[in-house]
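Before any comments, here is the structure.
The values are calculated or read from the model by the stated rules, or taken from the named source; none is laboratory data. Keep in mind that this is a model prediction, so the values were computed, not measured. A quick note on method: Cβ atoms are made from the backbone with ideal geometry, for glycine too, and the neighbour counts reach across all protein chains shown.
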Amino acid sequence: MSHAFYIYGSYAVTGLIVLALIGWVWLDGRARARELQQLDAAGIRRRSAQPKDGASA
Amino acid sequence: MSDNSLAITKFSDLANPTRFLALVARILPWLSGLTALALVAGLCLGFTAEGDYQQGDTVRIMYIHVPAAWLSMMCYTVMAISAIGTLVWRHPLADVSAKAAAPLGAGFTLIALITGSLWGKPMWGTWWVWDARLTSVFVLFLMYLGLIALNRAMDDPAKAARVSAVLILVGFVNIPIIKFSVDWWNTLHQPASVVRMGGPTIDAEFLWPLLVMAVAFTLLFFALHLAAMRNEILRRRIAAQRRMAARMASGREGR
Amino acid sequence: MIALLVRDLKLSIRAGGGALVGVLFFLTIVAVIPFGVGPDLNLLSRIGPAIVWIGALLSSLLGLDRLFQAEREDGSLDVLLMHDTPLVLTVFVKCLAHWLATGLPLVIASPLLGLFMNMNEVAIGAVMLTLVVGSPAITFIGAVGAAVAVALPRGGLLVSILVLPLAVPVLIFGVSASYAAVEDPAPFLPPFLILMALTLFFAAIGPAAAALALRNAAD
Amino acid sequence: MLLSAEGLAARRGEELIFSNLSFDLGMGEALVVTGRNGSGKSTLLRVIAGLLAPEAGRVTFSGAGVEPGARPREFCHYLGHRNAMKRELTVFENLAFWKSFQGGSGGALDIDEAAETVGLGGILHLPYGYLSAGQQRRFAIARLLVAHRPVWLLDEPTAALDADSDRMFAGLVKRHLAEGGIALAATHQPLGLEKVQELRMTGFSGVNADVWE
């Protein structure tokens, strides 16, 4: 295959960036879930009667 | 915004963050699976297809370069629509959507820039030229980074969302410039060959892998966008609960 | 001391931190050059190393004024000053953290800009190497300016004005080492070694002068 | 242990704020500095903390286990107007940083214990910037507890505190004194302490003119 370096290089870079994006979203989600759990453990719960309070921060 | 309201519409149903989270939880596994399938299919098609007689095997770079470039513009369009949502309806989910899309847009734009550069080196003999198409995509990349930095620099997320919404809408002029730069200016970059008046000029041999990859990238974007929006909603919920916790702590001790 | 390093790194990454802004400024400043001088690839590749170096110099000055100002505003500076570890060491660690958070990203971004400037691989490598070695010197010099300007209400611009002339030798040897790597007759090693010597010199002088200034700027 | 000041003088601009000021403080003793605004209370504390160079005189700290020639500031905690905490970090990160940075020998509390002592256990995971002014001040006080220093220099320590926290803080100072500590406070509130010397600052003790004569 001619120019194999450029072709595999571009696929590798794409894979790397996509993996970085997925990793960011995934790790961020896990960190948030952990923080929610911490808050839950500290006895701070959402008042479920007011579903808006999450977004009105 | 309670569910016994009769005037409830599909849109405002989605607009409730809690509902939105439930919806994301339902959709996300399917969307991820579909994305993975489409990506595998696209890669298989891309590597079994014939090479171009003129560009050789480097045409395979196109299967990721072109979808990434499309996505970089689509992501900005999604952000612009969200920005209108923020400014006109003052909708919190629109804020979240615009903020969550910015890093994804930066990622796809970076893919387009780097793969384009890796394609340009064997074809044009240089990594980079300052022609209209490449420059405007680079400006798009800088705009994404600037929006991320702006969002991070401000404490109040609602205010940050409104300020960046204005900036997003102003920056939207760049999108048509990117799209038509190859037609308006005589550049090294080849003109559009798929989305154009009078049907695609591209050979069917290349069209199929390209389309499958484009679908895969689009699915990937939406999966990541939904997940990032979920994270952002959770982040704001956590912030709200923390403020409440601080108030509760002093209420308890203040007696 | 590790605690101080970790805290400063955390602060620069958390919301409002300056790590991203520095890189962004670097990208922008280098990206506007071709609009000014025109997209002539030969010309760009000739001036490339100098442009990348100037861009890195300016963007590493960005945010440097906050190095001690932020500490002063919330009162942390008093406690740092009172501590029994030598103040020189504290300043050194703060400089190190600042360089890791803002200087290192610039070094990592520089090859990308080298490509934009149509520099060849050797030149890109040389610029990156000289930046790794030379940019800490800018931070150490900047720390002196930041310490002098700590008591001023609006010290930001003044820091740059104070620091830029002092940073000129670093720029001269950084750029000349980069050019020496590309152009054949000039040897690469002498300017590079001088650059290293400059960095070591400022690593010793900068924190000491900054500590002296901080002690005397207290009010 | 003895903290003594001999013939201290300090100036602000060209004005001498105080001059020829001397005192001795032994273990378990406190000095309350009073006076109107601008009378030099803060300046005195900053001079003792080593943050300002005195115009004349000197501050010494002597006693068992203190090397001669040691600088007094290494034995002092200084609680100024500002809290020395980062808004972006959590309370725990802030306190953990100061605990590890200030180090110091025994007698220091854990971070959890310190937070309980100031009555704010359980919100250590919150970013400091989320807290109210009073809570922020109480955690700033907790900083004094996580690393041991024999001398506490307190500049308007109870400025943002309510009556309950005031009492809590007075209790802390008492305990510190009972353990053989020394405290200097610039404050209007009575801290309810025994064995207190009071120093009334008058401000302005003349223009420092002799330099130009």
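Looking across segment C:21-61, the residues that are over 19 Å from B:PHE138 (Cβ atoms), within 11 Å of the chain's Cα centre (by Cα) and buried (at least 21 other Cβ atoms within 10 Å of the Cβ) come down to C:TRP53, C:LEU57, C:SER60, C:LEU61.
The set of residues from segment D:11-65 being hydroxyl-bearing (Ser, Thr, Tyr), without any contact (Cβ under 8 Å) to a residue 60 or more places away in the chain and not in a helix (DSSP H, G or I) comprises D:SER22, D:THR60. Does segment C:127-146 include one or more residues that are within 14 Å of another protein chain (Cβ to nearest Cβ) and surrounded by 19 or more Cβ atoms within 10 Å (Cβ to Cβ)? No: segment C:127-146 contains no residue that is within 14 Å of another protein chain (Cβ to nearest Cβ) and surrounded by 19 or more Cβ atoms within 10 Å (Cβ to Cβ). Scanning segment C:70-91 for residues that are crowded, with 21+ Cβ neighbours inside 10 Å and either assigned to a loop (DSSP other than H, G, I, E, B) or more than 13 Å from chain D (Cβ to nearest Cβ) (or both) gives a single hit, C:VAL91. Taking (1) out of contact with any His (no Cβ under 7 Å at 6 or more places or on another chain); (2) in contact (Cβ under 8 Å) with a residue 24 or more places away in the chain in turn, C:THR139 satisfies each apart from (1). Pairs meeting the criteria (first residue in segment C:27-50 and within 12 Å of B:THR135 (Cα to Cα), second residue modelled with pLDDT of 85 or more and of a type outside the set (A, V, I, L, M), beta carbons under 7 Å, at least 6 apart or on different chains) are C:ALA31/B:PHE138. Quick one: in segment D:88-112, which of the residues that are surrounded by fewer than 18 Cβ atoms within 10 Å (Cβ to Cβ) and at pLDDT 85 or above is nearest to the other protein chains (Cβ to nearest Cβ)? The qualifying residue nearest to the other protein chains (Cβ to nearest Cβ) is D:SER100.
For segment B:215-224, taking the residues that are surrounded by fewer than 21 Cβ atoms within 10 Å (Cβ to Cβ) and touching a helix residue (DSSP H, G or I) at 6+ places or on another chain (Cβ under 6 Å), the one that is farthest from the other protein chains (Cβ to nearest Cβ) is identified as B:VAL215. For the residues C:LEU166, C:LEU129, the requirement of being under 14 Å from C:ALA203 (Cα atoms) and not β-branched (Val, Ile, Thr) singles out C:LEU166.
Condition check ((1) touching a residue at least 12 places away in the same chain (Cβ under 8 Å); (2) assigned to a helix (DSSP H, G or I); (3) at positive phi) across all residues:
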residue: C:VAL132; (1), (2), (3): yes, yes, no
residue: C:GLY145; (1), (2), (3): yes, yes, no
residue: C:PRO153; (1), (2), (3): no, no, no
residue: C:LEU166; (1), (2), (3): yes, yes, no
residue: C:LEU171; (1), (2), (3): yes, yes, no
residue: C:SER178; (1), (2), (3): yes, yes, no
residue: C:LEU193; (1), (2), (3): no, yes, no
residue: C:THR199; (1), (2), (3): yes, yes, no
residue: C:ALA209; (1), (2), (3): yes, yes, no
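For segment B:130-141, the candidate set comprises residues that are more than 7 Å from every other protein chain (Cβ to nearest Cβ) and modelled with pLDDT of 80 or more; within that set, the residue that is surrounded by the fewest Cβ atoms within 10 Å (Cβ to Cβ) is B:VAL139.
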